[in-house]
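Engineer: First the structure, which I've put down as structure tokens, then a few questions once you've had a look.
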Amino acid sequence: MDAMHAARLEGRVDWALSHLQLHAALIDHALEGTLTSSTWGKLWRARRSFGPYLRLILSRANASGRVAHEKAICRSVTQRLQAPRFRKRLADILAAEAMAEADAALHADAAIV
């Protein structure tokens, strides 16, 4: 899973590690012989609050039409962070769903008559 998330940064992993200030920790663990997949996973979880990464996965979900995935991303982010862009997108998704449900109910009622 971490490799998949790293791949989403499209060759910008070094840039992300630098901005997340993980280089020193990774080097220290490597030199001490304590760099394991578990250690890497704990360090890499910092991406969960890294704005560029979060915006990237949201835009990819949007571009591929994966609204349920967008909703899950927005819910996760807004539960943990102050993120107006994600809060607005979640509100837009929920409003669109409510409109679709209302429209479906209207058409169902019209079909009964």
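The values are calculated or read from the model by the stated rules, or taken from the named source; none is laboratory data. From a predicted model like this one, the values you see are computed outputs, not experimental measurements. Cβ: placed from backbone, ideal geometry, glycine included. Neighbour counts: every protein chain shown.
Engineer: Please work out which residue is modelled with the highest pLDDT, limiting yourself to region 82-93 and to residues that are surrounded by 14 or more Cβ atoms within 10 Å (Cβ to Cβ) and under 18 Å from Ala46 (Cβ atoms).
Structural biologist: Phe86
Engineer: Next up: Is it true that Leu58 is surrounded by 15 or more Cβ atoms within 10 Å (Cβ to Cβ), at pLDDT below 90 and of a type in the set (A, V, I, L, M)?
Structural biologist: no
Engineer: Okay, next question. Give me the pairs, please: first residue somewhere in region 10-33 and in the same structural domain as Arg45 (by TED's automatic domain parsing), second residue anywhere and surrounded by fewer than 16 Cβ atoms within 10 Å (Cβ to Cβ) and acidic (Asp, Glu), beta-carbon distance under 9 Å, and either six or more positions apart or on two chains.
Structural biologist: Correct list of pairs: His23/Asp14.
Engineer: Among all residue pairs at least 6 apart or on different chains, which show Cβ distances below 8 Å where the first residue, located in region 36-54, is within 20 Å of Ala72 (Cβ to Cβ) and the second is among the aromatic types (Phe, Trp, Tyr) and surrounded by 13 or more Cβ atoms within 10 Å (Cβ to Cβ)?
Structural biologist: Cβ pairs passing all conditions: Arg47/Tyr53; Leu54/Phe86.
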